[in-house]
Every structure is written in C-alpha cells, then in structure tokens.
1. Whether any residue in segment 188-197 is free of Cβ contacts under 8 Å to residues at least 60 places away in the same chain, assigned by TED's automatic domain parsing to the domain that holds residue 280 and more than 18 Å from the chain's Cα centre (by Cα) is what I want to check.
2. Could you list, in sequence order, the residues of segment 148-164 that are more than 16 Å from residue 226 (Cβ to Cβ), in a loop (DSSP other than H, G, I, E, B) and within 12 Å of the ligand (Cβ to nearest atom)?
3. When you scan segment 186-217, how many residues do you find that are within 16 Å of the ligand (Cβ to nearest atom), surrounded by fewer than 21 Cβ atoms within 10 Å (Cβ to Cβ) and assigned to a strand (DSSP E or B)?
4. When you check residue 65 against the structure, is it over 29 Å from residue 219 (Cβ atoms), surrounded by 13 or more Cβ atoms within 10 Å (Cβ to Cβ) and over 17 Å from the mean Cα position of the chain (by Cα), yes or no?
5. Quick check on my filter: what residues within segment 223-236 are surrounded by fewer than 24 Cβ atoms within 10 Å (Cβ to Cβ) and within 16 Å of the ligand (Cβ to nearest atom)?
6. Could you name every one of the strands (runs of 3 or more DSSP E) located completely within segment 16-125 that has at least 1 residues being in contact with a His (Cβ under 7 Å, 6 or more places away or on another chain) and more than 12 Å from the ligand (Cβ to nearest atom)?
7. Suppose we filter segment 151-171 for residues that are farther than 23 Å from residue 56 by Cα and in contact with a strand residue (DSSP E or B) (Cβ under 9 Å, 6 or more places away or on another chain); how many remain?
Amino acid sequence: MYLPDIQLHEADTLEAAAALMEQLGPRAEYVAGGTDLLVDLKTARTEADHLISITNIDQARQLTADSEGLTIGSLVPVGRLNETPLSGTWAAIHDATQVMAAPAIRNMATVGGNLASAVPCADLPPILMVLGGGVDLWSRTGVRRIPVCEFFTGPRTTVRRHDEILLSIHVPPPANRSGASYERFALREGNSIAVASVAARIRLDDAGMMQEAALAIGAVAPTPLLLENIPAILAGRAPNETAWADAADAAVAAADPISDIRGSAEFRRELTGVLTARALRLATERIGGDST
Ligand SMILES: Cc1cc2nc3c(=O)[nH]c(=O)nc-3n(C[C@H](O)[C@H](O)[C@H](O)COP(=O)(O)OP(=O)(O)OC[C@H]3O[C@@H](n4cnc5c(N)ncnc54)[C@H](O)[C@@H]3O)c2cc1C
C-alpha cells in the first residue's frame, strides 16, 4: 500500500481553503489529521490529486463551554477534547473519546474528521446525537447548521457539499436532572474500532419518571442512527429494567448490521440489546440532584 502522487496545499483561513478548493476542483480533498483519509488514499477507497490541509485554520480550533452550549471546533484533536473537563451530560462525550484508537492517533485525529469521514462505527456521532448536537458547515455563502442526526446519508457520505468545511460542532447546555452515557464493544481495548455501540440520554421529572429519553446506535447500520421511537417508548415511565428491555428490543429491531471479520450480524444485534440496557442504566445512575 503506497500513497499515490498527491500535491499538498496549505490554507491558513477558511477563505483561502475555499479558494483552493474552487481552483483545484473535484479531485481535491480537505485533510485534517489524515488518520482516516491517508488510509483511504493508500487503499484507493478515496482518490485525489490534491489535498488541502486545513489544520492551521484558527477559526476551527476553538473549544468553549458556556451557558449557550458547548462549541467544539472541528480541528480540535480528539485527545484535547478527552483532556478537557466537561460538566453534566457533556461529560459523557469522554466515554467516547477515551476509548477511541490510542493516544498517538487521538492526538492527530480531529473531532470534525470523525464526523466528516462518516464511517458507520465512528465513536463520536452516537453520543453527539443523543446530546442534541449540530454541525456548522461553512462555505463562502454562509454557515448552515445541521443536526448530527441528519448529517449522515450513508456509509462515508453526508449532506456536506464538497466545497463546505465542517467548522464546528455545537451541543446545547445540559438539562437539569439528566444523565448520559456511551457504551461500546470492541475486540481490544486499544486501537480497535467499535463492533457495536449505543449512546443514551435520560431526563427525569420531579416524580422520578422519564421526561425525555434519547438513544443512538453505532456500527450496526449504514449510518449512526438516532432512534425516533425511543421517546414514545420510554417517556412517562419509571427508569427500570422493564423499560430498558423494551428499549433494547426497539434498538435491536432498528439495527441493520453487516457481518465482517469483527463479528456476525447476529452477534452485533445481540450486542445492541445488551449495550442499550447498559447505556440506559448508566445514564440514569449518573443523574444527580438539581443538575448533573
Ligand atoms: C489506528 C487507528 C485507530 C482508529 N480507531 C478509531 C476508533 O477507535 N474510533 C473512531 O471513531 N475512529 C477511529 N479511527 C478513525 C480516525 O482516527 C477518526 O475518524 C478521526 O477522528 C478522523 O479525523 P482526521 O482529522 O484524521 O480526519 P481526516 O483523515 O483528515 O479526514 C477524514 C475525512 O473527513 C474530511 N474532513 C476532515 N475534516 C474536515 C473538515 N473540518 N471539514 C470538511 N471535511 C473534513 C476529509 O476530507 C476526509 O474525507 C482510527 C484510525 C486509525 C488509523
């Protein structure tokens, strides 16, 4: 596996990157950490004559948390996000960042790249989906925000136009009395991608019943999926094992996994049910008093 001949270009600003993309045309690709793209170029899954490095664009490096929400610049390395203290349900993002790859890859891999590459087993999409995250796509005509749950259109495809740069990810503030979690199964602890994954978020009302519930599954369908029927299945109910079993049945029914060297479709369905109950249980355990 050798890299084909490729010309590397560097852009320091969004404008400069867009100008290069317009000039170089469809056989040019943006590159951030390169941990997905270089593998795809070596294996000819992706073909390109030009790479436009966007790693020096400061506008996409911010990481801020305030009452408006959490903003993660697309070029923030996964390792930096993992080491940044996060409060409330945002802290469940660390469930994903701490299991991704290994430290060396995490320091190159960017948060935006994990979404833009649209690999079905990527770790960040499910947890960002249940937290209500949105991606900001920048182009010369402006910025449009797309909910993470509407971003993916198929394996390795998204709604992002070729000229658009994923600028940042926005996550709304955590609600009171809510908890979240991300659970995955992989064949090894390090440098091993998810065989199946589930993210969950629960909000309880004053009586301890579920007021809101969200569940997303990863690695078991052509795209990560936010399950639309979960609020109707769980809302108004007590957070207990009977409820988790019903949610697990719904998650297994929604899963449409493939068989590959990491596991059969049947194994992935079984995992989906087990991880669903585990994720919902942990999300509920994490719910504190006034806010978590
Ligand atoms: C050994 C190894 C282990 C791994 N383990 C895991 C794992 O456990 N879990 C996991 O989820 N992933 C894993 N990965 C995959 C990878 O590290 C992540 O998906 C990473 O976050 C991709 O980010 P990047 O910056 O390297 O993207 P790149 O490779 O630079 O880009 C990926 C794609 O996204 C596009 N892109 C990137 N950034 C932008 C942007 N801002 N705007 C527009 N388009 C953009 C590129 O054009 C390209 O098509 C692993 C990879 C390796 C090599």
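The values are calculated or read from the model by the stated rules, or taken from the named source; none is laboratory data. Quantities reported herein were computed from a predicted structural model and do not represent experimental measurements. So basically every Cβ, Gly included, is an ideal-geometry build from the backbone, and we count neighbours across all protein chains shown.
1. yes
2. If we filter segment 148-164 for residues that are more than 16 Å from residue 226 (Cβ to Cβ), which is where we start, we get 155-157, 160-164.
With in a loop (DSSP other than H, G, I, E, B) added as a condition, the list becomes 155-156, 160-164.
Listed by number, the residues that qualify are 156, 160, 161, 162, 163, 164.
3. 0
4. No.
5. Across segment 223-236, the qualifying residues are 223, 225.
6. Ranges flagged: 69-73.
7. So in segment 151-171, the residues farther than 23 Å from residue 56 by Cα come out as 151-159, 171.
Subset that is in contact with a strand residue (DSSP E or B) (Cβ under 9 Å, 6 or more places away or on another chain): 151-152, 158-159, 171.
Adding up the residues that qualify gives 5.
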